[in-house]
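Working notes, structure below.
Any read-out appearing in this document is the output of simple, stated calculations on the displayed coordinates, not a laboratory observation. Quick caveat: nothing in here was measured; it's all calculated off a predicted structure. Here the Cβ is made from the backbone with ideal geometry for all residues, glycine too, and neighbour counts use every protein chain on show.
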Amino acid sequence: MIYKGHVVSGNSKPGFQPAIQPDNEAQRLADLYATAILDTPVQAEFDDLTMLVSNILEMPIALISLVDKERQWFKSRVGLEATETSRDVSFCAHAILGTELFVVEDTSKDLRFATNPLVCGYPRVGFYAGAPLISRHGHALGTLCVIDHRPRQLQPQQAASLLQLARICVALIDAHRDQYRLQHEVAVTQRIFDSIPDAVIACDDQGRVSFVNGVARLWHSGVEQGQSPKPPHVYH
């Protein structure tokens with residue numbers, strides 16, 4: 001099913017209508033920031049996904065776009081040099097207003113986008129299709145989207161593929177979120193144990209060192225996490 005989006009009046013002008021904010025914008029942004037993915041370095045798994053989307057849908061541009069407070073930032077991109085744009089010109093800002101596929105078949109004939117700078121200038125958006133990236137908490141963090149320079153139609157199988165790949169993208173974002181949370185918890189634990197005056201060394205069920213605090217490093221020089229099993233007396 002294709003979601004046609006919201007038409008904005010008021011300060012907008014004919015042919016260029018910035019998207020309204022979602023009703024849950026504060027919660028959506030908090031959820032986005034909790035992923036800790038904004039402004040992160042290139043990651044192969046995300047780049048592989050955008051390349052796959054571009055190839056499957058035969059589109060020159062494919063993006064993983066995350067909609068921030070005043071910008072959209074591209075976690076991964078194919079066929080586009082820009083790493084971000086302002087939110088007010090963003091097609092994806094319209095797409096996150098719903099949960100279904102958002103498609104603009106001919107931007108020149110759509111009153112929301114006909115004079116949008118991204119249509120009139122670089123990268124000359126003629127067609128747009130974006131699948132909202134719905135988080136585990138139900139917020140649309142951004143989109144997995146494709147763009148062509150000319151008007152076109154999305155075939156049913158292409159639409160289904162874009163939605164399926166968007167779910168994979170969400171899984172990658174969730175994995176990044178979980179990894180960040182784990183690293184944060186480990187760092188907090190490390191700081192707590194580093195603050196106590198006693199040596200603390202933990203080993204796994206095979207005797208490998210799994211945790212060492214600062215005092216233990218001073219008392220037992222060379223003991224580090226992942227170290228091969230040692231006789232118990234080494235740690236006393």
Filtering segment 57-82 for residues that are within 13 Å of the chain's Cα centre (by Cα) and within 18 Å of Ala36 (Cβ to Cβ) leaves a count of 10
Those residues of segment 149-173 which are closer than 11 Å to Ala129 by Cα and of a type in the set (A, V, I, L, M) amount to Leu154, Ala159, Leu162, Leu163
Give me the residue from segment 95-111 that is outside any loop (DSSP other than H, G, I, E, B) and not charged (D, E, K, R) and, out of that set, surrounded by the most Cβ atoms within 10 Å (Cβ to Cβ). Ala95
